[in-house]
1. Under a no-solvent Debye model with one identical scatterer per Cα of the stretch 31-87, what's log10 I(q)/I(0) at q = 0.23 Å⁻¹?
2. Whole-Hz ³J(HN,Hα) for each residue in the stretch 59-76, computed from phi via Karplus 6.51 cos²θ - 1.76 cosθ + 1.60 with θ = phi - 60°, x for glycine and proline: what do you get?
3. Let me know the charge dipole size of the stretch 367-414 about its Cα centre in debye, to the nearest 20, where only the beta-carbon of Lys, Arg (+1) and Asp, Glu (-1) is charged.
4. Show the residues, 5+ positions off or on another chain, whose built amide H is closer than 5 Å to the amide H of Lys46.
5. Need one number: nm distance between label points at Gln200 and Ser136, each 7 Å from Cα along Cα→Cβ, rounded to one decimal.
6. Pulled fully out, how much extra length does the chain show between Met85 and Trp276, if you take 0.36 nm times their separation in residues and subtract their Cα-Cα distance?
7. With each label point set 7 Å from Cα along the Cα-Cβ vector, what nm distance links Gln372 and Gln409?
8. Mind listing the long-range amide H neighbours of Gly251? Cut-off is under 5 Å, sequence gap 5 or more, other chains count too, H placed in the peptide plane at 1.01 Å from N.
Amino acid sequence: MSSSLLRRLSVGLAALTGLLGTSLIGIRAADAVTVPILVADVDSGKVIYAQAPTDPWYPASITKLMTTYVALDLVRQGKVSLDSMITISAAAAAEPPSKMGFKPGTQLTLDNALKIIMVKSANDIAYAIGENLGGSIDTFAAMMNETAVRIGMRDSHWYNPNGLPDPRQWTSARDMAVLARALIRDFPDSHDLFSISAIQFGRAVMPNHNGLLGRYPGTDGMKTGFICSGGFNVVATATRNGRRIVTIVMGQPSPRERDVKTADLFDYAFGQSAGWTSPTLEALPASALPAPPDMRPFVCGGKKPPAIEDGPGALSAPGSAAQLIGGSAANSPALALAAFSNPALRARSLPPRAPLQPIAVWIGRNPAEGQQILESQEAEQKAAAANTRAAKLEAAKAKRLAALEAAKQAREARAERAQAAREAAKEAAKTTAKPAPKLAAKAGRPLPHAASAYTAVETPSMPEAKPGKGLSKPAAKATAHKPAPAKAAPAKESTGKSAAKKPAAKKAAAEE
């Protein structure tokens, strides 16, 4: 055996051992579910490696391969052309991301629409393709199912053209291999559609979500997909030495693990030859599973969904939880987590991506018309932004004026209330005013006995003696009965003087 053959065989066995290493964890447990994996030769349809190839699975955006086949088939039949205009409806514009975000009424050619869904995986554009080519989404889905049966797909059920979650929509790894071969066989002139590394719309450059393009030698297609319920899926083709291999990997927990596992499978497949004993895609037995498993607990869990390329991770299609390795039925989170935590996959990575080579896409019938539309839309956006700013400034000015007027009215109201309060106080003072009490008693009327303590009492002085005459008694009596003066002294001073004069009065009386 030659050294080169031994080297290829050893690389292939190592890759397969690394790929299936975690599978050994789950083999001990009965009734586990395997994530679908399939590797086949494109020309012969011979199966090189298969793992649950016919089990039902949620396809996510690899659905857009089916949408593209139907569209190209209509072009081949002459019913439409690649220059046919696709109009974005309100329903299409409302589809969740990933999307281009075109306004309802925007038009673009079918050719540009197909490039966009293959690279950007825009759900709004795929929906618009279905509406325009089928007349309605239901009619286009019927066309998808009819075409799938005609080209040999037997496990698929289609209900929308973009792959957003629908519990009724599923496929299998075998069916996607059949579809990939049909696209390559029936539309050889459109093969470049599946290997575009990036598109450029205006100034925006959008790379292809297929992480193998520009990183794994020989990769030339096709499409990725992701929803929480289906995990990260890929349909990939690669060519080496004139031999083309198609690899389908589904249900992976991240884009990186999906890409690494697919690269390992390519390495293994290119080191193998599909002999006459290898089964064909048509010979693979049907699955016993009645419906796809739901990978949400293992891919998204209770955490924030991972970065998504084909739709909001919050959406899911209901189903049963799945184990990852083994036989036929369903439910062991421990096995699932064990298989998803493969140390070998965590440690590996692909080389850096080659420089992108963007392909221009546009809205309208041609680039010039598209540029005019973009400039018109940009002018409208600038005008709308200017109007919005002007409206905000006017609203702020009106608010300030209203606040100033309100403050002025409040001050005037307070002043009026204060003035009214002062006037009310004056009126109240006039109404309740009383005359001041009289402090002095009327003339000729003696003071009450009780008031004597508060009235100034003047002690009669000794009369001046005349020569030869003594004091006369009547004069002393007259002085004793002299009426009190009309003006009363302050109470405290009267009390003091009265207390001071009493001994002198007694002395005068004694002398008499």
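1. For the stretch 31-87 at q = 0.23 Å⁻¹, log10 I(q)/I(0) is -0.98.
2. Result, rounded to whole Hz: x, 6, 7, 5, 3, 5, 5, 5, 4, 5, 4, 4, 5, 5, 5, 5, 5, 4.
3. Dipole size: approximately 700 debye.
4. Excluding prolines and chain starts, which carry no amide H, the hits are Asp41.
5. 4.2
6. That pair, Met85 and Trp276, stretches by 64.0 nm at full extension.
7. Placing both labels 7 Å beyond Cα along the Cβ direction yields 5.4 nm.
8. Phe232, Asn233
FYI, it's all coordinate maths here, none of it is from the lab. Predicted, not measured: the structure shown is a model, and the values here were computed from it. In this analysis, Cβ positions are derived from the backbone assuming ideal geometry, glycine residues included, and neighbour counts consider all displayed protein chains.
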